Structure formats: structure tokens, C-alpha cells
Amino acid sequence: MGNSDLRSLAALSECPFADIEGSTVAVDAHNWLYRYLTTTVKWTDDAIYTTDDGTEVANLIGVVQGLPKFFEHDLTPIFVFDGGVTELKDDEVEKRREQREQAEERLAEAEAAGDSIEAARLSARTVQLTETIQETTRDLLALLDVPYIDAPAEGEAQAAYMNKIGDADYVGSEDYDTLLFGAPSTLRELTSKGHPELMELQPTLDEHEITYEQLVDVAMLCGTDFNEGISGIGPKTGVKLITEHGDLFGVLEARGEHIEFADRIRELFFDPPVTDDYEIESDIDPDLDAARAYVTEEWEVDADEVERGFERIESAVVQTGLDRWS
Amino acid sequence: MFKAIVSADTLKDALDSVSVLVDECKIRLNEEEFAIRAVDPANVGMVDLSLAAAAFESYEADGGVIGVNLGRLEDIAGMANSGDLIHLELNEETRKLHIQIDGLSYTLALIDPDSIRQEPDIPDLDLSAEIVLEGSQLSRGITAADMVSDHIALRVDPDEEAFYIEAEGDTDDVDLKLDSDDLIDLTAGAADSLFSLDYLKDMNKAIPKAAEVTTELGEEFPVKLHYEFAEGLGQVTYMLAPRIQSE
């Protein structure tokens, strides 16, 4: 199911920061980093984030520029990284998801390039979450005392799980798929300009008078990250068919269609591999000097590029708000 | 209904005390006073201002609320010379404020008050120390502290009966000690809090040097700074949340 399909079903509302101050947000790290990487790479001279030996660490700029927004609104982010890639590599279903993801990312890049003055430069480059990027992001988060955890598989599924059991008040992701993983409340555009957008599961189900399982089935009819979907079925038709026939298999049988691995894909949404083996420390006490040294000395990023971000982090974590006393 | 005539200096003093914290605010046009309460977007600094009807040459209001762009209104007030009178009149139908200054007429579009950040609740503070000093003394301490650091400690030593303004920089330190002889009044209690100079400098800009500033202070608590203007008919109270002391 493409993002626009799921968006048309989702219950969305603008969510003023004032309403969510003090909350914890399980952020889909892959999704968040990817957005920051594309923006940083698009607007910043590559010399600024490339070391002498040619390693690119645009992610470090992205992290320093993206984090202040959380702190300034008194939000505790918990970054959830994708894990277990090697284990699942041989898995047919997972392979498909990876292929689709890569295709989507290429498409997003092409779209971004279309309206950019630096189209030529960008189109010649690919933005990838390299091993270095994953590792240096973790290192920097550790120095800044920002919690992060490694999911057994999909970061998105783990974040949704933490939201479901109440360990995180929200999931932070641009991806509408968090609904399919059962996340009750997802915040989109958290670190963009303006206020975030809140996407809620229960109101979504109420609006269409379906169950969570049926929502996943609708999504599978339209196509998900794991399957193509049935041609000619959009979100509205999907809801109608699922309501009429009860579930995915009822619809498939009635129409004489087939979705490969349908059982396993459903299970991936209903019961994805997740872990309870993590601890969240919400008192954030960053070592800013060490973080600065890490970014500007060890990874040779221009100090000018990150100083403002570090200052914002510093003032946000040491400055209290008057609301504490009212 | 709102129609008033006010001296340019009084209006400028009132607006300046608010504009150091916010760009837009609600003004309550109460029968007895012109009142503003606002907090900056980060919820760190708050201002509570009232200007009594008697501070105006003439004042008629019935409790309405208007939203204004402070920068715009200050620019207009800036067109007046010291000693000029400014005429203000609200057009209820067009929701515009008509401003007249010595033949100059300006129509200011107002902002929907509902679109402006909500007026804050005044924090409930039980502060142990009260220091009354001249605006110029506070200003001297802030200016010196700003030379070495971006934050400032305000502290009362109850044994010495003294008020300290201190700043520690990376290399240099500043320390201003004011004992009861230097101060207008001191109610000594243990008090020590750290504040951002960015905010305090801005508030200091608005505080008249000759004003008596009543400073209420606690242990890691917000500070309250109170002063009067317009010959006691205008009252301003600032509140500033502390920074967390790391050591």
C-alpha cells in the first residue's frame, strides 16, 4: 500500500507541541536519518561532511541539527535502529521488502532532484545508510546521552510495539506503516517546520468501522512493503471488500485472486519480531564537549556547520521552563 | 470599545517591557487598566504588565481583548517625539486600531487573539529572599557578567546579608557583591539560582536605570523582577526560569 493510500484512510490531526511536552517518542531511526541525510546532502557542500580519507558523515550534521527540536519541546526521543539484517537476508519476504524500499528511496531522490537547483549533482549520488553512518550515529547519540535501541528486525515494528505497551507515548516516523504494526499514536513531521501531525490508530479504525486486523488486510489488498496488492483495489474499495467478506482470505477467494506468502506477511504485521530487552533512561545528561570533539575533530565536520545545533541542545537541556512551577 | 490618549513615553515603556520576550501579544483593555501577560515561546521568561487608567490622559475601555504585532506598534509609537501624545481608538467593526500622532494617522490591522499563544498562568512561587536595588546596579552586574559568560548566578548569603551577582566564564570570572549598605532593602534568605543571560539582558534593557527593582529569589527557583514606571501607575513583573546547575 503506497503511502498516499494509507494516508487517505488514516485519522490525522495537527498536534501542537504544547500538547505533547514531556512525552517519550520511539523514533524509527532509519526513517528519520534517511530524511536528514537527503536534506543535508542536498543543501550542504559535500566537503563539509567528508573526511580527508573520503568517508561521508552527513548524518552527524543531521543528528545535531535535528535533535534540538526534541529537547526544546521537552520530548525524549528513543531512537530505534533496524537490526538483524544478516539473519533475515536469505528470507524471501524480507528480500522483497528491501528491494521495494530501495526502489522507493530512488524514487524519492528523483522527486527531490526534480525541484532542486542542484539536480545534477544529486542525481549522480545515492544516499545510503552506510555502516559508518549507522555506527557514528550511535556513537554520537551515546555521547549526547540520547537513548537508542536495536530492534531484532524492523525498527518501525519495534517502535510501534513500544508505543503499544506504553513504553513510548508516541512513535516518530514519516511512514504510515506504523498503523499496520499497531502503533496507537504516531507523530509525523516531528523535526520539520511547524507542528507535527498526529496519526491515531483507534480513530482510524472507528472511522471505517473495521478492526485492526481488517486494516492490515485492506492494506494488503492495496499493496504493502511486502506485497504488490491486487490491481484495481484502492483503499476505499479495499475497506468495502473487507467489510463485505470479513477478511483478506474471504476477499481473495471471492475474487479468485492470490497473494503470495499472504499468511506470513500478515504475521509480520500482527506479530513482528520485537524485544523487551531494553532500558530507557529519560534523564538526558549530554557530554557536549565530547560530542563536539567527536563530530568536529574525529570526523572532521566543519565546526561552523554544527555549532548552532550544539548550542541549541545545550540551552534546551540546561534551561528549565516556567511551567514546572505552575 | 476602546479610546485612549497616552503620552508616547509611557506607551513605549509599556510596549518595550513586553517586546523583549514576544513578538505578538494580547492586550486586555479592562475598564480600570491596560494589561498584558505573555510568555516567550520556550516558556522561560514571562512578563505581567499593567498600566492603570490613570496613567493615560484619557482612557475609556470595556474589557475587550485585542491581539497586536508588537514590533509594528512600537514602530508606530517610535514616530512620536518624547512628550507627544498618542491617540488610540479601536474600530470594533473593522477590528483595526486607529493611531494618531500629531497629524499622522495610522490604521493598524490587529491579530486574532485566538491565534496568539495562550496567556500563561502565573507560577506559584514561594521565594525566600527579597532584594530591592536600583535598576542601574542590576544592570552593572549583568553587563559585567555578559563579558565572561552566557549565564549568571544570583545569590543571597544570609549570614553576610549580601546579594551576589556572579558569572564564571571559561577563563575569566565576575563577582559583584552588594551588601545592605548598597541595597535599598534586603530580606535575606538562602537563595542561589542560575539564569540565562540572553533573557536577563533583554529584560534589563526594559528596566529603567532609576527604577527600584524588587528581586525575589530562591534556591534553583525562578526569579521575579518587579518595577514600576509611569510614576507608579505602571507595574511590570518579570519571571525567569532558572538553568540547571550542573556542579
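The values are calculated or read from the model by the stated rules, or taken from the named source; none is laboratory data. From a predicted model like this one, the values you see are computed outputs, not experimental measurements. All Cβ positions, even for glycine, are placed from backbone atoms using ideal geometry, and neighbour counts span all protein chains on display.
Assorted remarks:
- Residue match in segment A:279-286 (condition: within 14 Å of another protein chain (Cβ to nearest Cβ), aliphatic (A, V, I, L, M) and over 22 Å from residue A:10 (Cβ atoms)): yes
- The condition (being in contact with a Ser or Thr (Cβ under 9 Å, 6 or more places away or on another chain), within 14 Å of chain B (Cβ to nearest Cβ) and surrounded by 14 or more Cβ atoms within 10 Å (Cβ to Cβ)) is satisfied by just one residue among A:326, A:315: A:315.
- Odd one out for residue A:291, checked against (1) more than 11 Å from every other protein chain (Cβ to nearest Cβ); (2) outside any helix (DSSP H, G or I); (3) within 14 Å of residue A:142 (Cβ to Cβ): (2)
- Residue in segment A:114-135 that is within 30 Å of residue A:270 (Cβ to Cβ) and at pLDDT 85 or above present: yes
- Qualifying residue in segment B:125-142 (condition: without any contact (Cβ under 8 Å) to a residue 60 or more places away in the chain, more than 24 Å from residue B:38 (Cβ to Cβ) and charged (D, E, K, R)): yes
Yes or no, residue by residue, for (1) over 15 Å from the mean Cα position of the chain (by Cα); (2) without any contact (Cβ under 8 Å) to a residue 24 or more places away in the chain; (3) away from chain A (no Cβ under 14 Å):
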{"site": "B:11", "(1), (2), (3)": "no, no, yes"}
{"site": "B:32", "(1), (2), (3)": "yes, yes, yes"}
{"site": "B:44", "(1), (2), (3)": "no, no, no"}
{"site": "B:68", "(1), (2), (3)": "yes, no, yes"}
{"site": "B:88", "(1), (2), (3)": "yes, no, yes"}
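- Within segment B:46-59, the set of residues being in contact (Cβ under 8 Å) with a residue 60 or more places away in the chain and either assigned to a loop (DSSP other than H, G, I, E, B) or under 14 Å from the mean Cα position of the chain (by Cα) (or both) comprises B:46, B:47, B:48, B:49, B:50, B:51.
The rows are residues; the columns are (1) part of a loop (DSSP other than H, G, I, E, B); (2) not polar (S, T, N, Q).
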residue	(1), (2)
A:177	no, yes
A:192	yes, no
A:195	yes, yes
A:203	no, yes
A:206	no, yes
A:210	yes, yes
A:216	no, yes
A:221	no, yes
A:228	yes, yes
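- Residue B:180 vs. criteria farther than 12 Å from residue B:137 by Cβ, within 14 Å of chain A (Cβ to nearest Cβ) and polar (S, T, N, Q): no
- Scanning segment A:1-33 for residues being in contact (Cβ under 8 Å) with a residue 40 or more places away in the chain and either surrounded by 18 or more Cβ atoms within 10 Å (Cβ to Cβ) or more than 30 Å from residue A:221 (Cβ to Cβ) (or both) gives a total of 22.
- Residue count, segment B:133-160 (criterion: within 17 Å of residue B:205 (Cβ to Cβ) and in contact with a helix residue (DSSP H, G or I) (Cβ under 7 Å, 6 or more places away or on another chain)): 7
- Here residue A:149 meets each of (1) in contact (Cβ under 8 Å) with a residue 40 or more places away in the chain; (2) of a type in the set (A, V, I, L, M); (3) within 25 Å of residue A:9 (Cβ to Cβ); (4) not in a helix (DSSP H, G or I) with one exception, condition (3).
- Of the strands (runs of 3 or more DSSP E) entirely within segment B:78-195, those holding at least 1 residues that are not assigned by TED's automatic domain parsing to the domain that holds residue B:55 occupy B:129-134, B:151-157, B:162-168, B:173-179, B:185-187.
- The set of residues from segment A:293-307 being surrounded by fewer than 18 Cβ atoms within 10 Å (Cβ to Cβ) and without any contact (Cβ under 8 Å) to a residue 24 or more places away in the chain comprises A:293, A:297, A:298, A:303, A:304, A:307.
- Residues that are more than 14 Å from chain A (Cβ to nearest Cβ), among the acidic types (Asp, Glu), more than 14 Å from residue B:135 (Cα to Cα) and in contact (Cβ under 8 Å) with a residue 12 or more places away in the chain occur in segment B:227-237; there is at least one.
- Put simply, of B:116, B:111 the only residue that is surrounded by 14 or more Cβ atoms within 10 Å (Cβ to Cβ) and more than 14 Å from chain A (Cβ to nearest Cβ) is B:111.
- Filtering A:269, A:226 for residues that are among the aromatic types (Phe, Trp, Tyr), over 29 Å from residue A:20 (Cβ atoms) and under 19 Å from the mean Cα position of the chain (by Cα) leaves a single hit, A:226.
- Residue in segment A:263-275 that is out of contact with any Asp or Glu (no Cβ under 6 Å at 6 or more places or on another chain) and within 14 Å of another protein chain (Cβ to nearest Cβ) present: no
- Set B:105, B:17, B:58, B:82: member being more than 14 Å from chain A (Cβ to nearest Cβ) and over 21 Å from residue B:228 (Cα atoms): B:105
- Annotation: of all residues in segment B:187-210 being small (Gly, Ala, Ser), surrounded by 18 or more Cβ atoms within 10 Å (Cβ to Cβ) and more than 14 Å from chain A (Cβ to nearest Cβ), the one that is nearest to residue B:48 (Cα to Cα) is B:206.
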